[in-house]
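Asker: A single structure is presented below for examination.
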Amino acid sequence: MYKPAVIEAPSVLGLRPSGVQELPTALLATGLAERLGAVRAGRVEAGAYDPERDGTTGILNAAGIARYSVALADAVAAVLDRGLFPVVLGGDCSILLGNLLSLRRRDHHKRYGLLFLDGHTDFYQPSAEPTGEAASMELALATGRGPVPLTDLEGRGPLVRDEDVVAFGFRDAAESAEAGMQPLPPGLRAIDLDGVREVGAPVAARRAIDHLAEGGSSGFWVHLDVDVLDDAVMPAVDYRIPGGLTWRELESVLVTALADERAVGFDVTIFNPRLDPGGTLAVRLAECLYRGLSARTGRGSAAHAGAGPDQFAARDAESQTGD
């Protein structure tokens, strides 16, 4: 059994102020924290957004992201020190750096892994990324590729080793290569959408977790960019691409990953409530997150039977829309 602690991380320093910063408010308004029985562990505010690319690094808000990563790492560390399970609601994907920094600080001799659920591989370098958005580079930065101010935070870089990462469910490889994104390194395990479909999401997820558990790993972080979902069922994202996981597939992956006792934290990014004016996608996403996280809390069967807000008590057929 464990107790989740929700940290709000509404930074858009790695993207733009398009609405992604409203993700925590939208998901919490569904009653997600109450239903999970989660502690509210505070909100880490970002500094002012600068729309000009940094002349040295070529990245928007590079110094601001570095400062934010340290502040977020402090908040995550405080949750971990209390024996709680951090659930970080972003924000754009650059918040991953602060989450991983919190793990890197704990003991430099320990290795932590990363399950990277994203429709894109986010492995750009600044010279190729058209707008300088760190949200298109965070996996490269986390593995030590890119400008030093963001690849060697507190002198602790890289934040994660190639062999301790599984990139899961992405579908942008050919398109991104044409745009100039560097390929994933051979040491980093990659299971693209076709690979997931070849064996089925539950089997693919178990293989990913087994890989992250190899070699004496001390645990793993789970990063979710909601554009890993099928664009047909999750259009409320800024960079849309066709295809993606169904709700049922994503839920099975989250259940497999978060039920594993080696999972040490979880973040959610990129959902844009301004592209969900009726709020229906926020409710469906919250239900998906609840099902995944309740695999760890043990609250699932009772809560799903009727506890919590009425909006979570949708029939199973409705909950699987898009399967």
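The values are calculated or read from the model by the stated rules, or taken from the named source; none is laboratory data. These numbers come from a predicted model, not from an experiment. Positions of Cβ are generated from backbone atoms using ideal geometry, with glycine treated the same way; all protein chains shown enter the neighbour counts. The accessibility values were calculated without ligands, DNA or RNA, using every heavy atom of the protein model including side chains. Shrake-Rupley method; radii C 1.70, N 1.55, O 1.52, S 1.80 Å.
Asker: Count the DSSP beta bridges whose two residues both fall in the chain, then state the antiparallel fraction as a percent rounded to the nearest 5.
Answerer: 5 percent
Asker: Could you check the spin-label model distance between R197 and R43? Points 7 Å from the Cα along Cα→Cβ, value in nm.
Answerer: Using points 7 Å along Cα→Cβ, the separation is 4.0 nm.
Asker: May I ask for the longest run of the chain untouched by chymotrypsin sites (Phe, Trp or Tyr not before Pro) that are loop-located per DSSP and have at most 15 neighbouring C-beta atoms (other than their own) within 10 Å?
Answerer: Result for the longest clean stretch: 50-238.
Asker: If you count only protein heavy atoms with a 1.4 Å probe, what accessible area per residue comes out for the range 1-142, rounded to a whole Å²?
Answerer: 33 Å²
Asker: Take the solvent-accessible surface of the protein heavy atoms, probe 1.4 Å, and return the percent of it on the chain that carbon and sulfur atoms account for.
Answerer: Looking at the chain in its full context, I get 52 percent from C and S.
Asker: Taking only protein heavy atoms and a 1.4 Å probe, what accessible area per residue, in Å², does the range 174-296 have with all protein chains in place?
Answerer: Computed with neighbouring chains in place, this is 38 Å² per residue.
Asker: Going by a ≥ b ≥ c, the root eigenvalues of the Cα gyration tensor, does the range 1-90 fall in the rounded group (a/c under 1.5), the prolate group (a/b larger than b/c) or the oblate group?
Answerer: Oblate is the answer for the range 1-90, as a/c is 1.5 or above yet b/c matches or exceeds a/b.
Asker: Now, a different point. Among F170, G98, I241, which residue has its Cα positioned farthest towards the positive end of the charge dipole of the chain, with +1 placed on the Cβ of Lys and Arg, -1 on the Cβ of Asp and Glu, and the dipole taken about the Cα centre?
Answerer: Of the candidates, G98 comes out farthest on the positive side.
Asker: Measuring from centroid to centroid over Cα atoms, what is the spacing of the range 255-269 and the range 124-151 in Å?
Answerer: Taking the Cα centre of each part, the range 255-269 and the range 124-151 sit 25 Å apart.
Asker: Considering only the other residues whose Cβ falls under 10 Å of the Cβ of S94, what net charge follows from Lys and Arg at +1 and Asp and Glu at -1?
Answerer: Spelling it out: positives minus negatives among the neighbours equals -4.
Asker: Positive end of the dipole of the range 14-80, charges at C-beta (+1 Lys, Arg; -1 Asp, Glu), about the Cα centre: which of V76, T30, L15 has its Cα farthest in that direction?
Answerer: T30
Asker: Using DSSP H assignments, which helices in the chain have an axial alpha-carbon span of 20 Å or above and a mean Kyte-Doolittle hydropathy of 1.0 or higher?
Answerer: Those that clear 20 Å and a mean of 1.0 are 62-81.
Asker: Quick one: grab Rg to one decimal and Dmax as a whole number for the chain, Cα atoms only, in Å.
Answerer: 17.9, 55
Asker: Starting from the Cα of T131, move 7 Å in the Cα-to-Cβ direction to define the label point; list residues of the range 15-29 whose amide nitrogen is under 14 Å from there.
Answerer: 15-21
Asker: Next question. Specify whether the C-alpha gyration tensor of the range 201-254 places it in the rounded, prolate or oblate class, a ≥ b ≥ c being the square roots of the eigenvalues: rounded for a/c under 1.5, otherwise prolate if a/b is larger than b/c and oblate if not.
Answerer: prolate
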